[in-house]
Amino acid sequence: LRKPDNWKHLTNPFKPSWGEPYIEQVVRMMGAIDAARDAARGHEAVCVSHQLPIWILRSFVERRRLWHDPRKRQCTLASLTSFTYRGDKIVSVGYSEPARDLVPVHLLAGAKPVKGKAAKGQSKAFGA
């Protein structure tokens, strides 16, 4: 907010700055996981995605608003978000971080800046 050049990105919180509305991401991602479900019916399927589309899909399935603070996403490097179907209906969403020990602390889901000054030569500290 301190940089007026960034204000243009704050005009519509329902539409990301790059132009693909959140609901279009939901439609695209639902299509992808529904296709995976159909192809692997009765088995497991793996879909790989960037962080934002999977977070938006999860928010939609969990009936949360789609616009959000990106710093509060529960979606880190090498994390797994699982959608469980019963028939054609999603009945649960799961989340795990099997490689959590390899992720730098400041990148963990829910990491918050630690108050106080950083030591000389160090960046800001974060805690989970």
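The values are calculated or read from the model by the stated rules, or taken from the named source; none is laboratory data. Keep in mind the model is a prediction, meaning the values are calculated, not measured. Positions of Cβ are backbone-derived with ideal geometry, glycine not excepted, and every protein chain shown enters the neighbour counts.
Just one of the listed residues (Ala40, Ala35, Ala45) is within 23 Å of Val91 (Cβ to Cβ) and touching a helix residue (DSSP H, G or I) at 6+ places or on another chain (Cβ under 8 Å), and it is Ala45.
Within the option set Ile33, Ile23, Ile56, being over 21 Å from Thr84 (Cβ atoms), surrounded by 11 or more Cβ atoms within 10 Å (Cβ to Cβ) and at pLDDT 90 or above holds for one residue only, Ile23. Which one is modelled with the highest pLDDT, of the residues in segment 39-53 that are surrounded by fewer than 11 Cβ atoms within 10 Å (Cβ to Cβ) and farther than 22 Å from Thr76 by Cα? Ranking the candidates gives Ala39 first. Within segment 59-84, which residues are aliphatic (A, V, I, L, M) and at pLDDT 85 or above? Answer for segment 59-84, where residues must be aliphatic (A, V, I, L, M) and at pLDDT 85 or above: Val61, Leu66, Leu80.
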